[in-house]
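> I'd like to ask you about the structure that follows.
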Amino acid sequence: MDKAIAVRTLLELGIREWRKQTALELLRDGKVTFAEAAEIAKLSLWEFADLVKQRNIEWVRYTPEEIDKEFKEAFVSESK
């Protein structure tokens, strides 16, 4: 393999990984939506979902109380 090709390949791999890492950090910090993060990473939503799962990124931030409230409100709304 030509030296220039090897360097270009390494740069491309590094940039791809940097995009993924940046997207994951922005998502984790609540600075972007899931779809925006997937776009930054240049991945489909499904591919990005797999990446989030693989890297154990916590991006949904609900307290147990908030979840309980949401369920109760949804239940009330459904029964109307």
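The values are calculated or read from the model by the stated rules, or taken from the named source; none is laboratory data. Predicted, not measured: the structure shown is a model, and the values here were computed from it. Note that each Cβ is placed from the backbone with ideal geometry, even for glycine, and that neighbours are counted across all protein chains shown.
> Going by what's in this entry, would residue 2 be described as within 10 Å of the chain's Cα centre (by Cα) and acidic (Asp, Glu)?
Considered against the rule, which asks whether it is within 10 Å of the chain's Cα centre (by Cα) and acidic (Asp, Glu), residue 2 comes out as no.
> Out of the residues in segment 8-23 that are of a type in the set (A, V, I, L, M, F, W, C) and surrounded by 11 or more Cβ atoms within 10 Å (Cβ to Cβ), which is modelled with the lowest pLDDT?
Looking only at segment 8-23, we keep the residues that are of a type in the set (A, V, I, L, M, F, W, C), and these are 10-11, 13, 15, 18, 23.
Remaining after also requiring surrounded by 11 or more Cβ atoms within 10 Å (Cβ to Cβ): 15, 18, 23.
Working: 15: 89, 18: 94, 23: 96.
This residue is 15.
> Report, by residue number, each residue of segment 38-74 that is among the aliphatic types (A, V, I, L, M), in contact (Cβ under 8 Å) with a residue 24 or more places away in the chain and farther than 12 Å from residue 20 by Cβ.
From segment 38-74, those among the aliphatic types (A, V, I, L, M) are 38, 40-41, 43, 45, 49, 51-52, 57, 60, 67, 74; that's our starting set.
Filter once more, keeping what is in contact (Cβ under 8 Å) with a residue 24 or more places away in the chain: 51-52, 57.
Within segment 38-74, no residue meets the criteria.
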